[in-house]
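A.B. asks: For reference, the structure I am asking about is given below.
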Amino acid sequence: MAKKKSTRSKNPMTNKNSAIRRVIKRNPTAKVGEVLNAVKDEFGHKVSPDRILMEKTKKKWSPLEVRPRIPGRPGTQLEQPSGSRQSRLPDSFSA
C-alpha cells in the first residue's frame, strides 16, 4: 500500500512548532525570550520557553547538521591489537 501524505500543516500560522522553527532559522543565535516574543508578534502564538528550548535542541542534534566523516583522515580507523601488550608499548616504556 502506498504511503499516505501527512495531514499535518506546516503553515506557521496554524502550527506552533513550524513558527518557532522559522524564527530560529532566521536568527539562530537568538535567546529564548527573543524567540518567544518574535513568535508571539509575528504569528500570534503563545508558546512556553520549554517548547522553544526543545526545538533548539532538536535542531542542534539533528543528523543533517552533523559534519560528515572524511575518509582516509588519520585516526578514523581503529588499530587491531596484535601480539602481546609489550609489543604495543612505545620504546620508551621498555623494561
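The values are calculated or read from the model by the stated rules, or taken from the named source; none is laboratory data. Just so we're clear, the structure is a prediction, and the values are computed from it rather than from any experiment. Ligands, DNA and RNA are stripped out before the accessible areas are found, and what is left, the full protein with its side chains, is counted by its heavy atoms. Shrake-Rupley method; radii C 1.70, N 1.55, O 1.52, S 1.80 Å.
Residue by residue, here is whether (1) more than 21 Å from the chain's Cα centre (by Cα); (2) at pLDDT 90 or above holds:
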position: Ser18; (1), (2): no, yes
position: Glu34; (1), (2): no, yes
position: Met54; (1), (2): no, yes
position: Ser62; (1), (2): no, no
position: Ser92; (1), (2): yes, no
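A.B. asks: In the stretch 13-63, what count of residues is obtained for those that are of a type in the set (A, V, I, L, M) and open to solvent by 30 Å² or more (accessible area, probe 1.4 Å)? Walk me through how you get there before you give the answer.
C.D. replies: Filtering the stretch 13-63 for residues of a type in the set (A, V, I, L, M) gives 13, 19-20, 23-24, 30, 32, 35-36, 38-39, 47, 52-54.
Applying the additional criterion that residues be open to solvent by 30 Å² or more (accessible area, probe 1.4 Å) yields 13, 32, 36, 53-54.
Matching residues across the stretch 13-63 total 5.
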